[in-house]
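The values are calculated or read from the model by the stated rules, or taken from the named source; none is laboratory data. Since this is a predicted model, take the numbers as computed values, not measurements. Glycine gets a Cβ as well: all are built from the backbone with ideal geometry, and neighbour counts include every protein chain shown. To get the accessible areas, we keep the full protein, side chains included, count just its heavy atoms, and leave off ligands, DNA and RNA. Shrake-Rupley method; radii C 1.70, N 1.55, O 1.52, S 1.80 Å.
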Amino acid sequence: MTISPTLRPDCGNCFALCCTALGFARSAEFAIDKAAATACPNMADDFSCTIHQRLRPRGFSGCTVFDCFGAGQAVSQHTFAGTSWVDNPWSASSMFAVFKVVRQLHEMLWYLAEAQQRTFDPDLASAAEHLSGHIATVAQGNAPTVLATDVETLHGEVRTLLMEVSEGLRASYGAEDQEAPDGGLRRDDDFSGADLMGADLGHQRLCGSNFRGAYLIGANLRNSDLTAADLLGADLRGAHLHGADLSKALYLTQPQINAAEGDATTLLPERLTGPTHWR
Ligand code: SF4
């Protein structure tokens, strides 16, 4: 599956917007507190990171997980025409606010591109294309246009479409409905929103399972087959993916992979790459 280069980060053309616009709290992922709209003390004058090669040992693993889906360079070079918040400090607050919105819009475009290409239903493919076109137009608008966007409504429209595509794809791996504890019916492969922290799901055929929004922190997924498994928003921090087949998993993103553990035996979708800490 090909993904537009515009949805991939290009840090060399970005004014370090993730290192300035966003805040973070001291934790296992960040060694320091940093308020939003302030420059990280590790940022160099040329917007590069002075500890880029040592982020994990220096306590900044959170930085290695983040992905802007190409919003950084889009806002820096397109919306603000290549003039940085250093050269024009008056633009800083607007630039940071626009970045936060465009990042969400680009993430939606990432998901929609996959939905459009994976669905078997031409009507859903057409709907995904139409919605993508609208969101791309908004994302490429000027700052006031971007900031006036009703992001929540767009999120809702995208979420509905992604779920429809997922249902269709996962149906081809249909598990039987079973009686749930509440008396209702529940597919025996529906783990949406489930707490699976540390769960042992290794060496299993999990094809077509629904892990949407599931907590898979530290879970063992070694050598499991996740073909057509819906991983939208699943928390894969520290999940063990060694030997797992995720090559045709649904709605997997680079930040999820960056947060997980794996190695050269982990099969990933074409558009994703194994992070450096796997080597
Ligand atoms: S540590 Fe480096 S990558 Fe992380 S926010 Fe600071 S400058 Fe950016």
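Which one of these does residue 28 not meet: (1) more than 10 Å from the ligand (Cβ to nearest atom); (2) within 28 Å of residue 139 (Cβ to Cβ); (3) among the hydrophobic types (A, V, I, L, M, F, W, C)? Going through the list (1) more than 10 Å from the ligand (Cβ to nearest atom); (2) within 28 Å of residue 139 (Cβ to Cβ); (3) among the hydrophobic types (A, V, I, L, M, F, W, C), residue 28 breaks only (2). Tell me, yes or no, whether the stretch 47-60 has at least one residue that is over 18 Å from residue 103 (Cα atoms), more than 7 Å from the ligand (Cβ to nearest atom), of a type in the set (A, V, I, L, M, F, W, C) and open to solvent by less than 50 Å² (accessible area, probe 1.4 Å). Checked the stretch 47-60: at least one residue is over 18 Å from residue 103 (Cα atoms), more than 7 Å from the ligand (Cβ to nearest atom), of a type in the set (A, V, I, L, M, F, W, C) and open to solvent by less than 50 Å² (accessible area, probe 1.4 Å).
With the requirement that a residue be touching a strand residue (DSSP E or B) at 6+ places or on another chain (Cβ under 9 Å), free of Cβ contacts under 8 Å to residues at least 60 places away in the same chain and outside any strand (DSSP E or B), what does the stretch 257-267 give you?
If the condition is that a residue be touching a strand residue (DSSP E or B) at 6+ places or on another chain (Cβ under 9 Å), free of Cβ contacts under 8 Å to residues at least 60 places away in the same chain and outside any strand (DSSP E or B), then 260, 262, 266 are the ones that fit.
Residues checked against (1) small (Gly, Ala, Ser); (2) under 18 Å from residue 139 (Cβ atoms); (3) over 18 Å from the mean Cα position of the chain (by Cα):
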{"position": "13", "(1), (2), (3)": "no, yes, yes"}
{"position": "32", "(1), (2), (3)": "no, no, yes"}
{"position": "45", "(1), (2), (3)": "no, no, yes"}
{"position": "54", "(1), (2), (3)": "no, no, yes"}
{"position": "57", "(1), (2), (3)": "no, no, yes"}
{"position": "64", "(1), (2), (3)": "no, no, no"}
{"position": "70", "(1), (2), (3)": "yes, yes, no"}
{"position": "100", "(1), (2), (3)": "no, yes, no"}
{"position": "103", "(1), (2), (3)": "no, yes, no"}
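Taken together, 71, 81 contain a single residue that is at pLDDT 95 or above, open to solvent by less than 40 Å² (accessible area, probe 1.4 Å) and either more than 16 Å from the ligand (Cβ to nearest atom) or closer than 30 Å to residue 132 by Cβ (or both), which is 71.
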